[in-house]
1. Given the options Ala247, Ala191, Ala308, which has the most mean-square fluctuation in a GNM of the chain, springs set between C-alpha atoms less than 10 angstrom apart?
2. GNM on the chain, C-alpha springs below 10 Å: top fluctuator among Ala24, Ala212, Ala165?
3. List the residues whose amide H sits under 5 Å from the amide H of Leu143, counting only those 5 or more places along or on another chain, with H placed 1.01 Å from N in the peptide plane.
4. Considering Cα pairs under 8 angstrom that are at least six residues apart, work out the relative contact order of segment 23-107 and quote it in whole percent.
5. Classify segment 249-310: rounded, prolate or oblate, from the alpha-carbon gyration tensor (a ≥ b ≥ c, eigenvalue square roots; a/c under 1.5 rounded; otherwise prolate if a/b is larger than b/c)?
6. Can you put Ser297, Ser53 in order, fewest other beta carbons within 10 Å first?
7. Given a cut-off of under 8 Å on Cα pairs at least six residues apart, what relative contact order in percent is computed for segment 129-288?
8. Would you mind classifying segment 188-277 by shape? Square roots of the alpha carbon gyration tensor eigenvalues, ordered a ≥ b ≥ c; an a/c under 1.5 is rounded, otherwise it is prolate if a/b is larger than b/c and oblate if not.
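What follows is calculated from the coordinates using simple rules that are stated; it is not laboratory data. Note that this is a predicted model, so its numbers are computed, not measured. Because the Cβ atoms are built from the backbone with ideal geometry, glycine has one as well, and the counts that use them run over all protein chains shown.
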Amino acid sequence: MAAMRDPHTEHAVAPSDTPDLSTAWLRVFLDVARHGSFTVAARTLGWTQSAVSRQIASLESALGGAPLFDRLPRGVRLTEAGRVLVPHAEAVVERLHDAGRDLAALREVAGGRLRLGAFATADAALVPRAIAAFRARHPGVRLTREEGLTPVLLDRLASGGLDLAVVSTTGRAPLDAYDLRHLLDESLYVAVPADHPLAAEPSVRLAQLADADWISGSSRPEGTLLDAALRHGFRPRVAHVVAEWTAKQGYVAAGLGVTLVPALAAESVRPDIALLPVRDEGAPARAVYAATARGRSLSPAATAFLAALRDAAAKIPT
């Protein structure tokens with residue numbers, strides 16, 4: 001038989017409109033009410049009878065001194081005050097049980113939420129593959145995703161609107177103010193029509209396309225992939241401003257211009273255009289990171305999703 005234990009007596013507080021109740025007192029109270037006996041409750045709890053008596057006395061004192069049990073020759077019986085307290089005590093204990101269950105679900109990545117952001121081309125392959133793997137392992141987590149440019153995603157992180165964001169070095173955003181986990185470095189390609197004079201080349205320099213019409217998501221190259229053209233000494237002529245990657249490909253296939261395609265989007269390029277690797281030895285590849293707000297603890301779900309992102313990134317040719 002397990003040894004009986006005698007916990008330290010908890011200090012009763014002066015009666016007030018909002019008494020400071022110990023949840024341990026409430027649990028002991030419910031055990032005594034259930035069994036109708038200090039002795040049986042003590043045996044169930046593995047305590048001494050005197051310890052149970054002190055817990056009940058402390059609870060009675062905190063509630064103003066009214067007895068919760070009539071002490072009978074054999075056992076105890078709830079008083080009117082005790083009968084009033086029972087549903088409240090049950091509600092408190094049940095809420096604490098629910099809280100413990102929810103916290104356990106968070107620890108085990110079996111519940112909770114994850115708010116994710118990503119820039120557009122990360123949604124071509126990297127992010128959906130990571131989401132699919134994450135949901136297969138953790139179906140109980142409520143995952144939401146939003147798309148945006150890196151500066152916007154970083155602002156959302158800072159304001160607490162996102163838990164994690166997949167961002168890139170495009171746009172000259174202040175990445176140093178965030179906690180970054182490197183995912184991959186991706187190269188750039190130029191998409192040209194299949195019958196373009198350069199379509200059969202193994203690679204190109206951007207300067208070879210200085211006179212081309214360009215299709216871009218912005219009329220200005222600054223802060224976009226076309227920043228690379230500025231480094232090569234020419235300002236690209238943006239003939240068509242098109243936001244969606246699939247639409248850009250349609251413009252290229254129709255012979256209306258050329259566009260830059262990052263490696264993350266290269267797998268989804270249509271077959272009637274040609275992709276040419278960009279030779280740019282003097283410039284760093286575009287880096288892709290998983291970013292979180294500095295100083296903010298990562299939830300278990302965010303940690304698990306980071307692992308899924310790393311796995312997905314390792315399978316993407318860059």
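1. Looking only at Ala247, Ala191, Ala308, the largest GNM fluctuation is found for Ala247.
2. Highest fluctuation of the listed residues: Ala24.
3. For Leu143, whose amide H was placed from the backbone, the distant partners under 5 Å are Leu114.
4. Numbers: 68 pairs, mean separation 24.4, N = 85.
After rounding, I find 29 percent.
5. Details: a/c = 3.40, a/b = 2.18, b/c = 1.56.
Judged from the Cα gyration tensor, segment 249-310 comes out prolate (a/c at least 1.5, a/b above b/c).
6. Values: Ser297 8, Ser53 18.
If I rank by nearby Cβ atoms, fewest first, I get Ser297, Ser53.
7. On the way: 226 pairs, mean separation 51.9, N = 160.
So the answer I get is 32 percent.
8. Working: a/c = 1.44, a/b = 1.18, b/c = 1.22.
Rounded, since a/c falls under 1.5.
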